[in-house]
Amino acid sequence: MSEAGPSSFGELERFGERLADFCGSVILLGSAEYPSNLGTVAGAPAVLFVRGSLVAGDALAVSVVGTRRASASGLEVAGLLAAELAEAGVTVVSGLARGIDAAAHRGALSAGGRTIGVLGSGLSCVYPPEHSALASDVAGSGALMSQWWPWTLPAPEQFRQRNAVSSGLALATVVVEASARSGARLQSRLAREQGRLLMMSSLVVDAEAWARSLVESGSALAVGGAEDVLEALQGRALGYFGLSAAPMSHSSGSRPTRPVGPGQSGQLSLDIG
């Protein structure tokens, strides 16, 4: 076996038990445990390393993504959107990055819902390192996932490939706040190529010409909050993917489902990707 890892399918299976204690479970493409949505995507990873648990209900998932340099409004919108989606039984997928991703995970966790974090590094090399505690919380209430060997350090190209997994796991991607050069914009393209629904929060539509262009061309839906996302899932994605059309419960709380207006920018440090 090479230092980089197993070199054959059979060797990988034998190596699986040794890896289990180190990184959780090893899931192979084509196995019953492999995420059903991701398995339909061209170029889906042959191997997934998972800490935590995947369940059948994770097929009802939405990827909530955006810039690492998020504004205060963006963080609030991402957290509220994720919380209300989680309350409705939707699994929230994101990339554990600084900014919008972290706010989305925390929002889902605050609602007691499921969330999946997709890494651009190995499971033993969580990036950014200050999100180690968040990664543990995500694994405890869903799953932490990587297509890379557990000891793999973060690298820009891996984050771009991570975006394809993040969109492929979900029925829809919602971009909360993102510049024209962000990884979230790349994920918006990947989501469309994968046949997923693409949604833009009114925050990014108001601020970014690229997002407005996608909405105006009909390539993306403009959404004001969780109710709009749930309506789109009920009306289009569930039927397209042949999933059960069991009703999703909308949040009955008093919190608003529309984004707040632009506020003071709380800039966060730039991440890889």
Next item on the list: Return the inverse of the average 1/r over all pairs of distinct C-alpha atoms in the range 60-123, which is the Kirkwood hydrodynamic radius, in Å to one decimal.
Entry: 11.1 Å
Note to self: Could you tell me how far the Cα centroid of the range 33-86 sits from the Cα centroid of the range 128-151, in Å?
What the structure shows: 13 Å
Next item on the list: Can you send over the carbon and sulfur percentage of the accessible area for the range 80-184, probe radius 1.4 Å, protein chains only?
Entry: 53 percent
Checklist line | Å² of accessible area per residue within the range 98-230, as computed with a 1.4 Å probe and no ligands counted | finding: 34 Å²
Next item on the list: Could you rank the peptides 117-126, 212-221 by their average count of other C-beta atoms within 10 Å per residue, with the highest value first?
Entry: 117-126, 212-221
Check: In cubic angstrom, how much convex hull volume per residue do the alpha carbon atoms of the range 18-111 span?
Finding: 110 Å³
Next item on the list: Any chance you could list P(r) for the range 79-159, counting all Cα-Cα pairs in 10 angstrom bins from zero, rounded to whole %?
Entry: 22, 53, 22, 3
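The values are calculated or read from the model by the stated rules, or taken from the named source; none is laboratory data. Worth saying up front: this structure is predicted, and the values here are computed from it rather than measured. Glycine gets a Cβ as well: all are built from the backbone with ideal geometry, and neighbour counts include every protein chain shown. Calculation scope for accessible area: heavy atoms of the full protein, side chains included, ligands and nucleic acids excluded. Shrake-Rupley method; radii C 1.70, N 1.55, O 1.52, S 1.80 Å.
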